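Below is one structure, written out as structure tokens; comments come after it.
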């Protein structure tokens with residue numbers, strides 16, 4: 001089961017992913033934590049954990065609130081992120097986020113007022129090839145949008161959660177702190193476009209797509 005929930009000021013796609021009857025994984029809880037909790041409650045699912053495809057605020061800002069909610073029910077919900085983006089979580093994360101805002105027209109105060117400054121702790125540090133919370137999802141390290149950007153791929157389920165690496169006929173921005181356009185295109189061409197073309201792609205923003213469509217039509221990768 002894959003359920004998309006559009007959250008926050010930047011219309012981030014948060015996903016509830018389940019291979020089980022009673023449990024799920026929350027991917028990129030970027031805001032509106034009560035909305036995410038409501039969707040899980042309706043389907044009678046409890047989270048095994050939370051995975052952030054990268055550390056930007058619009059993908060992590062509800063992780064702490066969700067984890068605390070389940071602590072009150074005596075359920076520990078760990079938060080996972082790649083090693084190179086772990087600086088965006090935890091008590092010292094504000095400094096990393098301030099750097100990531102450089103180049104934006106909005107100031108830090110305005111951005112924090114939208115997303116908040118309540119950062120979850122990084123409980124699990126991910127690396128290339130790791131499987132996530134005993135699921136079939138495997139970590140693919142795809143640097144470019146951020147240094148620690150990842151995608152989550154299940155060969156058996158034929159799904160790819162691409163975060164802000166690959167979109168429907170688009171790619172993630174690389175003009176923020178530590179963004180790298182060459183690394184992004186290399187990640188897409190060498191790591192994603194080598195997967196089966198029929199793979200369904202669930203991106204961090206915008207509509208779903210398939211690898212076949214992006215291989216043929218994505219103007220940013222094919223130019």
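The values are calculated or read from the model by the stated rules, or taken from the named source; none is laboratory data. On a predicted model such as this, the values are computed, not experimentally measured, just so you know. FYI the Cβ positions are ideal-geometry reconstructions off the backbone, even for glycines, and counts take in every protein chain you see.
A few remarks follow.
- Cβ-Cβ under 6 Å pairs, at least 6 apart or on other chains, segment 141-154 side on the phi > 0 side of the Ramachandran plot and at pLDDT 95 or above, far side outside any strand (DSSP E or B) and surrounded by 22 or more Cβ atoms within 10 Å (Cβ to Cβ): 144/184; 144/187
- Failed item, numbered, when residue 5 is tested on (1) under 20 Å from residue 133 (Cα atoms); (2) surrounded by fewer than 23 Cβ atoms within 10 Å (Cβ to Cβ); (3) touching a helix residue (DSSP H, G or I) at 6+ places or on another chain (Cβ under 7 Å): (1)
- Note on segment 44-68: residues that are surrounded by fewer than 17 Cβ atoms within 10 Å (Cβ to Cβ) and over 20 Å from residue 152 (Cβ atoms) total 2.
- Verdict on residue 180 being modelled with pLDDT of 95 or more and over 22 Å from residue 79 (Cα atoms): yes
- Listed by first and then second residue, the pairs with beta-carbon distance under 6 Å, at least 6 apart or on different chains, first residue in segment 22-38 and at negative phi and in contact (Cβ under 8 Å) with a residue 24 or more places away in the chain, second surrounded by fewer than 19 Cβ atoms within 10 Å (Cβ to Cβ) and in a strand (DSSP E or B), are 23/46.
- With respect to being in contact with a strand residue (DSSP E or B) (Cβ under 8 Å, 6 or more places away or on another chain), within 28 Å of residue 7 (Cα to Cα), crowded, with 21+ Cβ neighbours inside 10 Å and at pLDDT 95 or above, residue 198 falls outside the description.
- Qualifying residue in segment 86-98 (condition: in contact with a strand residue (DSSP E or B) (Cβ under 8 Å, 6 or more places away or on another chain), touching a residue at least 40 places away in the same chain (Cβ under 8 Å) and under 22 Å from residue 1 (Cα atoms)): no
- Elements of type helices (runs of 4 or more DSSP H) in segment 122-223, at least 1 residues being over 29 Å from residue 99 (Cβ atoms) and in contact with a helix residue (DSSP H, G or I) (Cβ under 9 Å, 6 or more places away or on another chain): 211-217, 219-222
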